[in-house]
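Below you'll find the structure, written out as structure tokens, and then a few comments.
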Amino acid sequence: MINIKDNQGDIWEVFVQSKSGLPHKHAGSVHATDKEMALQNARDLYTRRNEGTCIWVVPLKEIVSSMPSESESFFDPSDDKIYRHPTHYIMPEGAKHI
Amino acid sequence: MTAKEALLNYCLRLGDSSLILGQRMSEWCSNGPILEEDIAMTNIALDLFGQARTMLTYAGEIEEKGKTEDDFAYKRNEREFYNSLLSERPNGHFGDTIARNFLQSAYFFHLYTTLSSSKDDMISAHAVKSLKEVTYHLRHSAEWLVRLGDGTAESHEKVQISLDDLWEFTGDLFEMNEVDELLIKEGIAVDLNEIKKEWIKTVDQVLERATLKKPENGYMQTGRLNAIHSEYLGHLIAEMQFLPRAYPDAKW
Amino acid sequence: MTDLEKLEKFQAKIDAEDKIEPKDWMPEEYRKHLQRQISQHAHSEVIGMQPEGNWISRAPSLRAKVVLLAKIQDEAGHGQYLYSAAETLGKSRDEFIEELQSGKAKYSSIFNYPTLSWADMGAVGWLVDGAAIVNQVSLQRTSYGPYSRAMVRICKEESFHQRQGYEIMAHLAKGTLEQKAMAQDALNRFWWPSIMMFGPHDSDSPNTGNAVKWKIKRETNDELRQKFIDKTVQQAEIIGLTIPDKELKWNEEKGHYDFGEMDWDEFWRIVKGNGPCNKQRLAHHIKAHQDGRWVREAALTYAKKQKEKQFPPQPSQREGEELEIRD
């Protein structure tokens, strides 16, 4: 016998690709008890107006997020690496296609 | 019977089953077991109403008496509706609805698959579009049938009873008369005996996954072809038609 | 960092129009305020399905039927977007639903009025959705990221809702005498409750202080109400319906309409549970929830069985184990 506490199922985060060629974009979440239900619920909720060509659903508990408290050590070190951007380089005047 | 009369009747059959099942599905709005299901079931209802509108509009064109989709939906009486007996079954509990939708959607799925190559352009175009929709309806109801069948002991028992109770209305789906004969010859309609073979395969596959037993083929109800219905249909259309009936001079 | 420093940083972020995200530090009061406001908003969408759902089966044409159904479906969807946003604040949808059903959480009182005629579908779309849109447009700029994003999505989708209602009203107003009377009657019944949707006067609204400072609320109740009235009066005139307020008059000096006082006794009576449909609406929600229990249990059990087929558990782990909604 499996004991079940009545609930609305797990939260699944939904990512929708609006057109092939474009990246999947976070749309929101749905509740579902299994993969197929998550996919169907996401389809019914987030693509009612022709918004999608592909959907990903991911259980919320499987998503790993960085924390805002770590954001300085995570993201600030890239602040001074301006040489990673093309605008850092000085091109000879008149040079084309570069 | 002329070919035109036969075609008109055929369109009403298609349109009415979608209309009545759509009306039933829309009754679920705000009553689903989880909010997500309210959305799923109203989506299905919207697809079905869309199908009904196409076929009833086409019926008006065939008849050539200037009738609109609404004239057919709102101004006919019980004895003029040709929907399947299955489509008018009351919603009951969620399992009853899922079992009904599964049986009807599996039928629509195979029907529209074959009708997609109908020689009547309107019907084939309608079938192509509807097939996409009912493919999803079938998937939705089949997955739920499996969850309920292979869920708890309670859900298994409940949905097995739903299936057993609805089974006697499935024979009606496959009955044919001179309308079918005439239109099959023209390459417009399909032989429902062929549809039945495919339908049974689908039912068997899903019931096996759902750990449910296929009911015995006992007595089968009949009526669709002659517009003889259960008592439930009268109430459904009385409610649906209330406003145009109460205010005959008004336009909506 | 001390709490005071955290609070200063939090306020600085809000003042700079940066959004607060779920994992950011936030004052407990901000979290509580949002949980209350967003869940109340979600409950309103969901309970709001009932008064309109009352007419789906009786919509007078197939077009009217699909339009109404699509609109109510959107409301279910909006309820879902909002519950999603509320859940990022650390409470589950089960808990929010429990609060609704026990009467602890409120929803908009407008849905405690009955829909008595087809014209009410017009009045609800035009006035109730119209008022909601004024509020929601403002809330797109709210400081909490998930709430703001839900509002952007909702506003985009709701643009047809008000038009749907107004179209019904306009159509009835130029129909038969009976139809016009039906439309006027609906306007008479829904006007005052609609403008009370914005809540009490600013002077009587205890929650406004922090909500404005934290940019949860971007405009006050009275400002929003005025906006709604200013744009609605002309819409009524153009279709030949009369707004039931004798004091309604254009004030040239202010550039706004003056209007009569609302019946706040009625407002508070209904908030406290004594409106025409309060009990009916809650009972309906509770019944649907209870009727659905065996279905949810079946789905949860099925999912668990499938998982166990993939990863058979050790016998000792099975005893008394419960499926939990989240960690």
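In square nanometres, what is one fourth of the surface area of the convex hull spanned by the alpha carbons of the range B:16-72? It would help to have the intermediate numbers written out before the result.
Details: hull surface 14.6 nm².
The directionally averaged projection comes out at 3.7 nm².
Treating cross-link reach as a plain straight distance, find the lysines whose alpha-carbon is under 16 Å from the alpha-carbon of residue C:156, omitting any fewer than eight places away in the same chain.
Hits, sequence-local ones excluded: C:71.
Can you give the FRET efficiency for residue C:269 and residue A:58, using 1/(1 + (r/R0)^6), R0 = 56 Å, r = Cβ-Cβ distance, to the nearest 0.05? Present the calculation step by step, with values, prior to reporting the outcome.
Working: r = 47 Å, r/R0 = 0.83.
After rounding to 0.05, the efficiency reads 0.75.
Once you have a ≥ b ≥ c as the square roots of the Cα gyration tensor eigenvalues for the range C:157-214, tell me rounded if a/c is under 1.5, and otherwise prolate or oblate according to whether a/b is larger than b/c.
oblate
If you average the sequence gap of Cα pairs under 8 Å that are 6 or more apart and divide by the length of chain B, what percent do you get for the contact order? Provide the component values of the computation, followed by the final result.
Details: 343 pairs, mean separation 58.9, N = 252.
Relative contact order of chain B: 23 percent.
Show me B:195-203, B:137-145, C:225-233 ranked by packing, highest mean number of other Cβ atoms within 10 Å first. Please report the intermediate quantities before stating the final value.
Working: B:195-203: 16.6, B:137-145: 23.0, C:225-233: 19.0.
Put in order of decreasing packing, that is B:137-145, C:225-233, B:195-203.
Tell me which of C:111, C:77, C:145 sits at the most positive position along the dipole axis of the range C:73-147, charges placed on C-beta atoms (Lys, Arg +1; Asp, Glu -1).
C:145
By how many degrees, 0 to 90 and rounded to 10, does the Cα axis of helix B:121-149 deviate from the longest principal axis of chain B?
So the helix axis and the longest Cα principal axis differ by about 20 degrees.
Let me know the whole percent of all Cα-Cα pairs from the range C:26-93 that are separated by more than 17 Å. Provide the component values of the computation, followed by the final result.
Values: 1119 of 2278 pairs.
It works out to 49 percent of all Cα pairs.
Counting only other chains, and only Cβ atoms inside 10 Å, what mean value do you get across the residues of B:236-248?
3
Projecting each Cα onto the charge dipole of the range B:1-108 (Lys/Arg +1, Asp/Glu -1 at the beta carbon, about the Cα centre), which of B:18, B:8, B:86 comes out farthest on the positive side?
B:8
Could you work out the relative contact order of the range C:134-275, using alpha carbon pairs under 8 angstrom and six or more residues apart, expressed as a whole percent? Please report the intermediate quantities before stating the final value.
Details: 116 pairs, mean separation 33.9, N = 142.
Relative contact order here is 24 percent.
Convex hull over the alpha-carbon atoms of the range B:105-241: what's its volume per residue in Å³? Provide the component values of the computation, followed by the final result.
Working: hull volume 18.9 nm³, N = 137.
So the per-residue Cα hull volume is 138 Å³.
If each DSSP helix of 4+ residues adds -39,500 (n - 2.57) and the sum is divided by the residues in the protein assembly as shown, what number results at 222 nm, nearest 500 deg cm²/dmol? Spell out each step's value before the answer.
Details: 27 runs with 389 residues, N = 677.
-18500 deg cm²/dmol, from helical runs alone.
Residue B:139 to residue B:93: extension gain in nm, 0.36 nm per residue of separation minus the Cα-Cα distance?
Values: separation 46, 0.36 × 46 = 16.56 nm, distance 1.93 nm.
14.6 nm is the gain from fully extending residue B:139 to residue B:93.
Could you tell me whether the range A:1-91 comes out rounded, prolate or oblate from its Cα gyration tensor? Rule is a ≥ b ≥ c as square roots of the eigenvalues, rounded for a/c under 1.5, then prolate if a/b exceeds b/c, otherwise oblate.
Working: a/c = 4.49, a/b = 1.73, b/c = 2.60.
Note, shape of the range A:1-91 comes out oblate.
Given R₀ = 25 Å, FRET efficiency for residue C:305-residue B:200 by Cβ-Cβ distance, to 0.05? All intermediate terms of the calculation are to be shown ahead of the outcome.
Working: r = 27 Å, r/R0 = 1.08.
Efficiency at R0 = 25 Å is approximately 0.40.
Against the longest alpha carbon principal axis of chain B, how many degrees, from 0 to 90 and to the nearest 10, is the axis of helix B:94-115 turned?
50 degrees
Determine which residues of the range C:112-148 fall in the zone a paramagnetic label at residue C:163 would reach in this model, i.e. backbone nitrogen under 18 Å from the point 7 Å along Cα→Cβ.
C:122-134, C:137
If you put +1 on each Lys and Arg Cβ and -1 on each Asp and Glu Cβ, how big is the dipole of the range B:26-132 around its Cα centre, in Debye rounded to 20? Each step should come with its number before you reach the end.
Details: 11 positive and 17 negative charges, 50 e Å.
Around 240 debye, computed over the range B:26-132.
Given the C-alpha centroids of the range B:193-227 and the range C:114-166, what is the distance between them in whole angstrom?
Value for the Cα centre distance between the two parts: 45 Å.
Mind checking which lysines have their C-alpha under 17 Å from residue B:185, skipping anything on the same chain fewer than 8 residues away?
B:4, B:119
In debye to the nearest 20, how big a dipole does the range A:1-89 give about its Cα centre with +1 on each Lys and Arg Cβ and -1 on each Asp and Glu Cβ?
On the way: 10 positive and 13 negative charges, 95 e Å.
Dipole magnitude for the range A:1-89 comes out near 460 debye.
Output the 0 to 90 degree angle, nearest 10, between the alpha-carbon long axis of helix B:192-209 and the longest principal axis computed from the alpha carbons of chain B.
Between helix and principal axis, roughly 30 degrees.
Taking only the Cα atoms of the range B:127-167, how large is their convex hull per residue, in Å³? Spell out each step's value before the answer.
Details: hull volume 2.2 nm³, N = 41.
Convex hull of Cα atoms, per residue: 55 Å³.
Lysines within cross-link reach of residue C:106: Cα-Cα under 20 Å, excluding same-chain residues under 8 positions apart?
C:32, C:91, C:217, C:272, C:279, C:287
Would you please calculate the Kirkwood hydrodynamic radius of the protein assembly as shown over all C-alpha pairs and express it in Å, rounded to one decimal?
Value: 27.7 Å, from the Cα pair sum.
What FRET efficiency do you get for residue B:231 and residue C:95 if R0 is 60 Å and r is their Cβ-Cβ distance, rounded to the nearest 0.05?
Details: r = 44 Å, r/R0 = 0.73.
That pair, residue B:231 with residue C:95, gives E of 0.85.
Taking a 23 Å limit on the Cα-Cα distance, which of the listed pairs C:23/C:104; B:65/C:174; B:158/B:214 fall beyond it? Intermediate values should be presented prior to the final figure.
On the way: C:23/C:104 27 Å; B:65/C:174 27 Å; B:158/B:214 14 Å.
Too far apart for the 23 Å limit: C:23/C:104; B:65/C:174.
Quick one: compute the contact order of chain C, relative version, from alpha carbon pairs under 8 angstrom and 6+ residues apart, as a percent.
Values: 334 pairs, mean separation 57.6, N = 327.
18 percent.
Dipole size in debye (nearest 20) for chain B around its Cα centre, Lys and Arg Cβ +1, Asp and Glu Cβ -1?
Values: 27 positive and 42 negative charges, 57 e Å.
Here chain B has a charge dipole of around 280 debye.
Indicate the gyration tensor shape class of the range C:93-178 (rounded, prolate or oblate), computed on the Cα atoms with a ≥ b ≥ c the square roots of the eigenvalues: a/c under 1.5 is rounded; otherwise a/b larger than b/c is prolate and the rest oblate. Don't skip to the end; give the middle numbers.
Numbers: a/c = 3.46, a/b = 1.51, b/c = 2.29.
Cα axes put the range C:93-178 in the oblate bin.
Restricting attention to the alpha-carbon atoms of chain B, what are Rg (one decimal) and Dmax (integer), both in Å?
Using the Cα atoms of chain B, the pair Rg, Dmax is 17.7, 55 Å.
Each value in this text was obtained by applying a stated rule to the coordinates, not by laboratory testing. None of the values given here were measured: they were computed from a predicted structure. Reconstructed Cβ throughout: ideal geometry from the backbone, glycine too, with neighbour counts over all protein chains shown.
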